[in-house]
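The values are calculated or read from the model by the stated rules, or taken from the named source; none is laboratory data. Everything quoted here is computed from the prediction, not taken from an experiment. Using ideal geometry, Cβ is built from the backbone for each residue, glycine included, and neighbour counts are taken over all protein chains shown. Heavy atoms of the whole protein, side chains included, go into the accessibility calculation; ligands, DNA and RNA do not. Shrake-Rupley method; radii C 1.70, N 1.55, O 1.52, S 1.80 Å.
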Amino acid sequence: MPEPLVVIPTYNERENLAEIVARVRGAVPEASVLVIDDASPDGTGALADELAAADPAVRVRHRPAKQGLGAAYLDAFGWALEHGYDPIVQLDADGSHRPEDLPAMLAALAGGAAASHGGGADATEPADLVIGSRWVPGGSVVNWPRRREWLSRAGSAYARTLLRLPARDATAGFRAFRADALRRIRLDDVHTRGYGFQVDMLWHARDVGLRIVEVPVTFVERVHGRSKMTFGIVLEAIVRVTAWGVAARMPRPNRRTR
Ligand SMILES: Nc1nc2c(ncn2[C@@H]2O[C@H](COP(=O)(O)OP(=O)(O)O)[C@@H](O)[C@H]2O)c(=O)[nH]1
Ligand SMILES: [Mg+2]
């Protein structure tokens, strides 16, 4: 039986990492964890090595420099597929994605769970991709400034409308993929480095016909450490989504220009 893998990307998450790894291991004991650290100056990578030494189900990949969330995930997905993990989950280190929501998400991936329809697949059937969603009934956000909630809702609505994405929460970073679904996505075509990566992946997922289901989750704003969200990351997402939306409306030959 293939094992699930929970991928946790980190950049300066020293205060959060031990707790989140313990919570993942508690919530889904059969899952392994892969920490993918971009040479965090605060020593998160060394802490990850200590956690891995104490628990064989915890693995670490060290990257030489901060290259963005998208690049870290693509690296991790390649590693996970090579090593035969299934399903593959993405989860932030900062506690915003509650590991306790994972069993419901994995149940929805297997089919037969009480999931919401994000305009996508029937939740009683197995899914290829499950999104832990803030913006479906039952989903929520705790401790977010109004400005950040507005940015997330607006970004999600803009991307969803322009790219006709089958999900209410198009920018969610809490996701579970079936391994063969991840294989079907052309990962080499995914170039977005920042948070637009989530939209880029979703667009590719829809393009290859993946069955996408949203499960409501409670997103909790981080207590420790700082967000790596920058104006540049938001701008990258807006520019790319707009360009894809325009390209998608062009005659066929230009359709895949990204
Ligand atoms: N490896 C790696 N992880 C990153 C990078 N940027 C952000 N992260 C991690 O990605 C997750 C989400 O980032 P966060 O700053 O919380 O973004 P926010 O939730 O959108 O404010 C956290 O676990 C971060 O440590 C990066 O460049 N490389
Ligand atoms: Mg965060």
*Hey, among the residues in the stretch 1-51 that are of a type in the set (S, T, N, Q) and in a strand (DSSP E or B), which one's surrounded by the most Cβ atoms within 10 Å (Cβ to Cβ)?*
THR10
*Is at least one residue of the stretch 76-86 surrounded by 15 or more Cβ atoms within 10 Å (Cβ to Cβ), within 16 Å of ligand 1 (Cβ to nearest atom) and in a loop (DSSP other than H, G, I, E, B)?*
no
*Can you find even one residue in the stretch 58-72 that is in contact with a Pro (Cβ under 7 Å, 6 or more places away or on another chain), without any contact (Cβ under 8 Å) to a residue 60 or more places away in the chain, part of a strand (DSSP E or B) and aliphatic (A, V, I, L, M)?*
no
*Name, by its number, the condition in (1) outside any loop (DSSP other than H, G, I, E, B); (2) within 10 Å of ligand 1 (Cβ to nearest atom) that does not hold for GLU100.*
(2)
*asked:* Looking at the stretch 75-94, I want the residues that are touching a residue at least 24 places away in the same chain (Cβ under 8 Å) and aromatic (Phe, Trp, Tyr) and have a partner that is within 16 Å of ligand 1 (Cβ to nearest atom) and open to solvent by 30 Å² or more (accessible area, probe 1.4 Å) with Cβ atoms under 7 Å, at least 6 apart or on another chain. Which pairs are those?
replied: TRP79/ARG61
*Please go through the stretch 50-75 and pick out each residue that is more than 15 Å from ligand 1 (Cβ to nearest atom) and either more than 28 Å from PRO216 (Cα to Cα) or small (Gly, Ala, Ser) (or both).*
GLU50, ALA52, ALA53, ALA54, ASP55, PRO56, ALA57
